[in-house]
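Single-structure report; data block below.
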Amino acid sequence: MQSFAFCNRCRGMKVGWNRRYVRHSLFCKELLAKTIKSTVLTGLLSSFVFAFPVSTAVAPALPQLVSWDVYAASPDVDAKKTTVIEKMLSDHDVYRKHLPRVAHAIVVSSNKYELDPRLVASIVIVESSADPFAVSDAGAVGVMQIHLGTWGDLADRENIKLFKIEDNVDLGVRILHDYIKGSDVWEGVARYRGKTDAPESQATAAEYVQKVQRIYGVTPKI
């Protein structure tokens, strides 16, 4: 009995070595196989895309480390501050030969350690009258009167030249910053003077703070 085959494309045909069935076998079945393969591949790719979606959004930029220079005052503001500090120093009986340089050093180091330059200038006036060559009987030297017995070894290790205005001011402001950070402004100023638990030391430190406050309090804000 002759077998028949049916195909939606080729319709009915006799199975065997005839032109219609051979054409169906060679072309139509091959087309069907390709279609099936294509359908399966498309399904797999679709599953992959949904399982691992590819974002088209722009990735946020990584935060950049910001140097202190960004937060420091601009050159114009620094120039204004230096002018104010120089006038503040000159309004008192201070050593005037290096006044612009002292004022600039105060502003630079105050910016660096985030302190009010007026406070630093007030301490400079009380400590040394802005004399970079001042030496006290207690062994403190320079504009900020760095005490050699306490800070001399540190200055040697870090190659800090204590009779150089910029080095002396920078170390002094750094010390003051650390004292203030560990307490508050005026307690930090008292500790800068060398306050200890001894009653005499506390009295001397309190008098010192009052001197600094008097100068600082009458100075216009920058």
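The values are calculated or read from the model by the stated rules, or taken from the named source; none is laboratory data. Note that the coordinates shown come from a computational prediction; the quantities given were computed from them, not determined experimentally. Every residue, glycine among them, receives a Cβ derived from its backbone with ideal geometry; neighbour counts consider all protein chains shown.
Taken together, ILE175, ILE180, ILE160 contain a single residue that is in a loop (DSSP other than H, G, I, E, B), within 18 Å of TYR113 (Cα to Cα) and either among the small types (Gly, Ala, Ser) or assigned by TED's automatic domain parsing to the domain that holds SER122 (or both), which is ILE160. Quickly run through the stretch 175-222 and pick out the residues that are more than 20 Å from GLY149 (Cα to Cα), without any contact (Cβ under 8 Å) to a residue 24 or more places away in the chain and of a type in the set (A, V, I, L, M, F, W, C). If the condition is that a residue be more than 20 Å from GLY149 (Cα to Cα), without any contact (Cβ under 8 Å) to a residue 24 or more places away in the chain and of a type in the set (A, V, I, L, M, F, W, C), then ALA203, ALA206, VAL209, VAL218 are the ones that fit.
Just to be sure before I move on: is ALA138 in the same structural domain as SER90 (by TED's automatic domain parsing) and either surrounded by 14 or more Cβ atoms within 10 Å (Cβ to Cβ) or modelled with pLDDT of 95 or more (or both) in the structure I sent? Criteria not met by ALA138.
For the residues LYS195, LYS164, the requirement of being among the charged types (D, E, K, R), farther than 20 Å from VAL108 by Cβ and surrounded by 13 or more Cβ atoms within 10 Å (Cβ to Cβ) singles out LYS195.
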